[in-house]
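Below is one structure, written out as structure tokens; comments come after it.
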């Protein structure tokens with residue numbers, strides 16, 4: 001086996017948009033006469049789609065919401081997100097991302113993006129940053145029925161990559177996931193991928209408990225070492241190697 005593909009999450013991995021999403025979510029809640037979230041928001045939101053968050057908030061507050069009403073709120077929040085991104089002079093990109101993408105490209109590793117964000121949001125950011133051409137495949141929230149921590153988004157990414165590059169005969173054993181949340185790590189693991197946890201939401205020592213590798217910055221990742229692990233057909237475990 002060899003490492004052929006790296007699949008990255010989008011929010012809190014490529015773009016640091018936590019404060020934007022927090023503000024927009026609270027605006028949505030206020031418009032629905034619901035109390036805004038405060039200190040619990042960062043951990044509550046990590047790795048979750050806008051739809052899943054809104055659905056849970058309404059349920060926890062004892063408010064019934066139809067699928068049609070939820071669709072409308074998600075779309076309004078997405079439009080507000082895109083408008084905010086369009087207004088920014090500088091996109092809050094994690095500074096090491098482009099260098100990491102260049103490293104992968106230099107090693108002929110295919111790059112994919114898997115995110116529960118909507119495609120319009122993803123493409124707006126990637127186009128603004130001139131990063132879209134790095135990604136062989138993009139899987140967005142509209143394409144999946146079951147959200148993370150279910151593995152659907154990773155399984156779909158693998159199917160898409162095999163359709164685009166059938167000569168590679170990709171399996172989960174050839175793929176590495178890059179995630180920033182426990183929900184995302186679990187989704188990748190359930191798809192049988194090895195996972196790098198990047199400490200954009202949680203400290204490294206917490207990510208080490210669940211991810212195969214954990215780093216503060218993606219440029220700290222030793223790709224040659226990871227490729228060696230993959231070539232040996234092994235699964236790396238931080239718990240076993242500490």
Take the residues of segment 88-118 that are more than 28 Å from residue 228 (Cα to Cα) and touching a strand residue (DSSP E or B) at 6+ places or on another chain (Cβ under 7 Å): which is surrounded by the most Cβ atoms within 10 Å (Cβ to Cβ)? 117
Given (1) under 30 Å from residue 130 (Cα atoms); (2) buried (at least 16 other Cβ atoms within 10 Å of the Cβ); (3) under 21 Å from the mean Cα position of the chain (by Cα), index of the condition residue 75 fails: (2)
With criteria (1) out of contact with any helix residue (DSSP H, G or I) (no Cβ under 6 Å at 6 or more places or on another chain); (2) over 20 Å from residue 113 (Cβ atoms), residue 97 comes up short on (2)
What's the total number of residues in segment 14-40 that are in a strand (DSSP E or B) and surrounded by fewer than 16 Cβ atoms within 10 Å (Cβ to Cβ)? 0
Any chance segment 140-150 includes a residue that's part of a helix (DSSP H, G or I), under 29 Å from residue 50 (Cβ atoms) and either touching a residue at least 40 places away in the same chain (Cβ under 8 Å) or touching a strand residue (DSSP E or B) at 6+ places or on another chain (Cβ under 8 Å) (or both)? yes
So, first residue closer than 19 Å to residue 51 by Cα in segment 104-117, second residue modelled with pLDDT under 95 and part of a strand (DSSP E or B), Cβ within less than 8 Å, six or more apart or across chains; the pairs are 115/11; 117/11
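The values are calculated or read from the model by the stated rules, or taken from the named source; none is laboratory data. Worth saying up front: this structure is predicted, and the values here are computed from it rather than measured. Counting neighbours? That spans all protein chains shown, and the Cβs are built from the backbone with ideal geometry, glycine included.
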